[in-house]
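The values are calculated or read from the model by the stated rules, or taken from the named source; none is laboratory data. As the structure is a computational prediction, the values presented were derived from the model and not from experiment. All Cβ positions, glycine included, derive from the backbone under ideal geometry; neighbour counts span all protein chains shown.
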Amino acid sequence: MKLKLIAGLLLLVWGLSKSGWEAGIDKERRLIVHGQDVPLDVNTRDLLGQELSLALLGGFRGMAATSAWMSLTGAWENKEWTRVKAMADLATTIQPKMVLFWEHGAWHLAWNASIDMETYSRQANQSRAEIEARLWIEEGRDMLLRGLQVHPNKAALYLRLADIYWQRLGDYETAADYYLQASQKEGAPAYAERFVGIALEKAGKNQEAYDYFCQLWEQVKTEPKSSQPPWQNVKRIMMELEEKLQVPEGERVF
Amino acid sequence: MKGSLLRIQAVAWSTLMEALRQKVLWVLALFAVIMIASSIYFADFTFEREFKFIKDVGSASISVLGLLTAMIGAAQLIPTEIERRTIYTTMSKPVFRFEFLLGKYFGLLSLITLMVLGMSVIFFGVVLVHEQIYVAEITAGAAAADWSPEQVRMVEDILEQSRDFGMVQAILLLWARLALVESIALLLSTVATSSIFIIFASVVIYIIGHLQSVAREAWAEVMTENWMLGAFSAVIAWLVPNFQSFSIIDEILAGETISWAYVSQIFSYSVFYTLIVLLASGLIFEEREL
């Protein structure tokens, strides 16, 4: 009986002393999994619910996220957009660190779902179809904005958001802002920095676009890539802007 | 000391051999079938998604098969010995009870280690086969020197996914989790007599262990509203390991770079926890009526 008591005491002392160690491990885990360390508070129901749902998956979170994504793919093929959104939300909740889920989930909503509403809508009239389409675009945008809270440094998410503003919402100025943010992140494709100026020009911000391109051209003009088609296109736009803005001859780049 | 180690080694060896005679390693064949079947099933996706899915299936299969082995195996270690009365033969020899218990634990842990190693080899093999298929598709069999910059970039992207060193961290943590689960099942087997009860209780502790972090942070606040629920939460927080810390495995497999310092922190937590549980098991087993 004496040894059993000692064993019980040993487990209890260990149990009381391990809390600090566990708290340290959890703090870092939350930073990695959620992208932020938010201390658990029973009043913050969302986070508590998220932690509980993750916990209840009992160590098979990756597999559960994969299953949700497989289900999303099936729903996409059947054009069940509400289920697509539900599965994308589930996958991003279960495994928020998977950039692919945010990026592709938003693409499904802002492009596939909304274009389906516009093109093959079962709505009674065109206005109704456009409202539905707009709602899906906004769902895609909101998904990316939530994703950016977890991944503030992922160029791919800024690019997708810029594409939504450009291609789906026609808001070129905001698109330019997101292309600029994307271009400043690691791993951004080369076209991101050029698209900032193009988007500004499309937004009618000719002076800002010209000033931006002048800065950009200054950086690349001596490099071999400046003679390649994408940069020749930039050169053409700059020449057009010089005409539009009536830049004096002596101040022109070309 | 040396004599004690030799006795533990002898018990461990006989435990491992007995398990091997029962053809427990057939589980590797089952794992190979799961991996190959899933890799064929996921072949229609882009390489990024396919590698993620294969890694998730691989990790989940290693976890399930390993947990089953750890829980069922450990639940049978002591009760079966008592039931068959073979424990009396062993105890009649100059072997201390604690040595017998450790020998049993390390025998089963050796089996689990062999299984995890075998499954990891199959897992990496499937990933590498898919890597080669993708590289061959992209480069169309051309020599590396003739690849275009775009082909080089795509091959680099594939290799980043397939030769991710983080997978070693994931396997290491999977193994540490299994070692901890086995020690808990062994602790239960020193107090309980029914294997089914031990397996059931191990599963419950494993599940509750994933909620331990919530209980640890909430028990004091809950206590003010409902003392019974608060006390229950406190018991979970103090007596159950934090299995949720191992959920980092999913992030590693998703391509997140995790520092070795953090991995070793979780690894040493589980090793230390295992040692404490083994010590407590030994103390309880010393007084157990056989």
**Study point:** Condition broken by B:S270, with the remaining ones in (1) surrounded by fewer than 20 Cβ atoms within 10 Å (Cβ to Cβ); (2) of a type in the set (G, A, S); (3) modelled with pLDDT of 90 or more satisfied
**Key:** (1)
Practice item. List the number of the failed condition for B:S14; all other conditions in (1) at pLDDT 90 or above; (2) under 30 Å from B:L159 (Cα atoms); (3) not hydrophobic (A, V, I, L, M, F, W, C) hold. Key: (2)
Exercise for review: Please find, within region B:258-267, the residue that is surrounded by the fewest Cβ atoms within 10 Å (Cβ to Cβ) out of those that are part of a helix (DSSP H, G or I) and more than 7 Å from chain A (Cβ to nearest Cβ).
Suggested key: B:A261
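Only one residue in B:G255, B:G282 is within 11 Å of chain A (Cβ to nearest Cβ), touching a residue at least 40 places away in the same chain (Cβ under 8 Å) and surrounded by fewer than 20 Cβ atoms within 10 Å (Cβ to Cβ), so which one is that? Lay out the reasoning, then the answer.
On the way: B:G282 fails: surrounded by fewer than 20 Cβ atoms within 10 Å (Cβ to Cβ).
Just one listed residue meets the conditions, B:G255.
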Revision key, fill the gap. In region B:134-178, anything surrounded by fewer than 20 Cβ atoms within 10 Å (Cβ to Cβ), within 30 Å of the chain's Cα centre (by Cα) and more than 14 Å from chain A (Cβ to nearest Cβ) is listed as B:L159, B:R163, B:F165, B:V168, B:L172
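Quick check: anything in region A:43-60 within 8 Å of chain B (Cβ to nearest Cβ), at pLDDT below 90 and closer than 30 Å to A:A182 by Cα?
For region A:43-60, residues within 8 Å of chain B (Cβ to nearest Cβ), at pLDDT below 90 and closer than 30 Å to A:A182 by Cα: absent.
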Check your understanding: For region A:240-252, does any single residue satisfy the condition of being in contact with a Lys or Arg (Cβ under 6 Å, 6 or more places away or on another chain), in contact (Cβ under 8 Å) with a residue 12 or more places away in the chain and either under 20 Å from A:Y158 (Cβ atoms) or of a type outside the set (K, R) (or both)?
Key -> yes
Review point. Out of curiosity, is A:W111 within 14 Å of chain B (Cβ to nearest Cβ) and either over 25 Å from A:V33 (Cα atoms) or modelled with pLDDT of 95 or more (or both)?
Key: no
Review point. Of the residues A:E208, A:E201, A:E243, which is farther than 25 Å from A:Y178 by Cβ and in a helix (DSSP H, G or I)?
Key: A:E243
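Considering each residue of region A:2-18, count those that are among the basic types (K, R) and either within 7 Å of another protein chain (Cβ to nearest Cβ) or under 43 Å from the mean Cα position of the chain (by Cα) (or both), and give that number. Walk me through how you get there before you give the answer.
At the first step, the residues of region A:2-18 found to be among the basic types (K, R) are A:2, A:4, A:18.
Checking the rest, the ones that are also either within 7 Å of another protein chain (Cβ to nearest Cβ) or under 43 Å from the mean Cα position of the chain (by Cα) (or both) come to A:4, A:18.
The total comes to 2.
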Practice item. Just name the residue that is surrounded by the most Cβ atoms within 10 Å (Cβ to Cβ) out of those in region B:202-250 that are within 8 Å of another protein chain (Cβ to nearest Cβ), over 27 Å from A:M98 (Cα atoms) and in contact (Cβ under 8 Å) with a residue 12 or more places away in the chain. Key: B:A237
Practice item. Would you be able to say whether some residue in region B:45-62 is surrounded by fewer than 23 Cβ atoms within 10 Å (Cβ to Cβ), within 13 Å of chain A (Cβ to nearest Cβ) and among the polar types (S, T, N, Q)? Key: yes
